[in-house]
Amino acid sequence: MARKTARFLVLDGYPMEHRGPLAENGGTLAGDLYAQMLKECEPGCEVDIIFPADADCRLPTGAGLEAYHGICWTGSSLTIHDEADPRVTRQIDFAKAAYEAKTPMFGSCWAAQMAVTAAGGKCAKNPKGREFGLARKISLNDAGRAHPMYEGKKAVFDGFTSHEDEVAELPEGAVLLAGNDFSHVQAVDVTHKGGSFWAVQYHPEYDFNEVASLCRWRREALTKQGNFASLDDADQFIDRMQALHESPGTSYLRWQLGVDDDVLETRVKQQEVRNWLTVKIHPRLND
């Protein structure tokens, strides 16, 4: 019997008012970026993208939710611990329903915070500020080294990142897999009400163009937050990021930015996604 075609639902967590500025600064919409990654890792798959922060977004329930083999969450510019924001709370409610539906979930950044919050954990603003550009020396703990999400991955690696909130308290059923000096929780596996959510605080879907675009959009705020000494400093960072994206073999840029195949080789940076597909999705396609 032929294997089924994988169907994925991607939730683009950005509100409408922030999707425009991202695109205007050369960035790819988060949902499109995730869809591209899924189609590269699982050729022939079908991907539907929705925008749950929008008031008119119809979130699937019941049979509509069961029609998908997996759910993926992108990053977001929202604050997950803002309990008064309906753009946030309706996404949390959907994640709770997805747990109960037992549809496997995976995602980046906002996703790690969503995985934890929907299962009863807590998130908060990181007192160290915003981790931006590259998350350095993400280290697998013992659970991470033994976890199937990190099969074939180095024990210490860098990843693309942009976040100022972080997981503050893990819920019951969560397993911490990785962290670094900036954020204690860089990867987590949450099992809740029979559902599964593998999530990372960094962005395997990003490349240097996406980071440069984010920086163009937020250069003033990033400078005020202390990520850059001045706007000129931010512009120089953007230029180097963009140049390395266009010429990834440029040795002096790799040296200046301190990067290697962890973030330059697509297969290396997206190993976690392929492992999720192998462990959580492919068995469902053979049912």
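Okay, residues lined up against (1) over 15 Å from the mean Cα position of the chain (by Cα); (2) part of a loop (DSSP other than H, G, I, E, B); (3) among the charged types (D, E, K, R); (4) not assigned by TED's automatic domain parsing to the domain that holds residue 124:
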site: 57; (1), (2), (3), (4): yes, yes, no, no
site: 68; (1), (2), (3), (4): yes, yes, no, no
site: 71; (1), (2), (3), (4): no, no, no, no
site: 76; (1), (2), (3), (4): no, yes, no, no
site: 80; (1), (2), (3), (4): no, yes, no, no
site: 84; (1), (2), (3), (4): yes, yes, no, no
site: 87; (1), (2), (3), (4): yes, no, yes, no
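Here residue 234 clears all of (1) buried (at least 21 other Cβ atoms within 10 Å of the Cβ); (2) out of contact with any His (no Cβ under 9 Å at 6 or more places or on another chain); (3) of a type in the set (A, V, I, L, M, F, W, C) except the condition numbered (1).
In region 119-139, the residues that are of a type in the set (Asp, Glu) reach residues that are in a strand (DSSP E or B) with C-beta atoms within less than 9 angstrom, at least six apart or across chains, in these pairs: 131/161; 131/162; 131/163; 131/166. Annotation note: of 35, 97, the sole residue that is part of a helix (DSSP H, G or I) and within 26 Å of residue 274 (Cβ to Cβ) is 35. So in region 264-280, with the set limited to residues that are touching a Cys at 6+ places or on another chain (Cβ under 9 Å) and surrounded by fewer than 20 Cβ atoms within 10 Å (Cβ to Cβ), which one is nearest to residue 71 (Cα to Cα)? Residue satisfying both the conditions and the ranking: 274. For region 10-23, filtering for residues that are acidic (Asp, Glu) and touching a residue at least 24 places away in the same chain (Cβ under 8 Å) leaves 1. Could we say that residue 121 is among the small types (Gly, Ala, Ser), more than 17 Å from the chain's Cα centre (by Cα) and buried (at least 21 other Cβ atoms within 10 Å of the Cβ) here? Taking the combined requirement at face value, the residue satisfies it. Filtering region 232-247 to residues that are closer than 17 Å to residue 264 by Cα and without any contact (Cβ under 8 Å) to a residue 40 or more places away in the chain leaves 238, 239, 240, 242, 243, 244, 245, 246, 247.
Taken as a whole, the structure leaves residue 232 outside the set of residues that are more than 20 Å from residue 75 (Cβ to Cβ) and either modelled with pLDDT under 95 or in the same structural domain as residue 130 (by TED's automatic domain parsing) (or both).
Out of all the residues in region 222-273, which are within 23 Å of the chain's Cα centre (by Cα) and not in a helix (DSSP H, G or I)? The answer is 227, 248, 258, 259, 260, 265, 270. Applying the set (1) assigned to a helix (DSSP H, G or I); (2) over 15 Å from the mean Cα position of the chain (by Cα) to residue 111 leaves exactly one unmet item: (2).
Scanning region 154-183 for residues that are assigned to a loop (DSSP other than H, G, I, E, B) and in contact with a His (Cβ under 9 Å, 6 or more places away or on another chain) yields 171, 172, 173, 183.
Within region 127-145, identify whether any single residue is of a type in the set (A, V, I, L, M), closer than 30 Å to residue 284 by Cα and either modelled with pLDDT under 95 or in a loop (DSSP other than H, G, I, E, B) (or both), and answer yes or no. No: zero hits.
Of all residues in region 55-84, those that are surrounded by fewer than 20 Cβ atoms within 10 Å (Cβ to Cβ) and farther than 24 Å from residue 202 by Cα total 14. Do we have any residue at all in region 147-154 that's buried (at least 24 other Cβ atoms within 10 Å of the Cβ) and either over 25 Å from residue 280 (Cβ atoms) or of a type in the set (Gly, Ala, Ser) (or both)? No, there is no match, as no residue in region 147-154 is buried (at least 24 other Cβ atoms within 10 Å of the Cβ) and either over 25 Å from residue 280 (Cβ atoms) or of a type in the set (Gly, Ala, Ser) (or both). Among the conditions (1) within 15 Å of the chain's Cα centre (by Cα); (2) more than 19 Å from residue 135 (Cα to Cα), residue 196 misses just one, which is (1).
Within region 166-184, being crowded, with 22+ Cβ neighbours inside 10 Å and either without any contact (Cβ under 8 Å) to a residue 24 or more places away in the chain or under 13 Å from the mean Cα position of the chain (by Cα) (or both) holds for one residue alone: 166.
The values are calculated or read from the model by the stated rules, or taken from the named source; none is laboratory data. Being a predicted model, the structure only gives us computed values, none of them experimental. Virtual Cβ from ideal backbone geometry, glycine too; neighbours counted across all protein chains shown.
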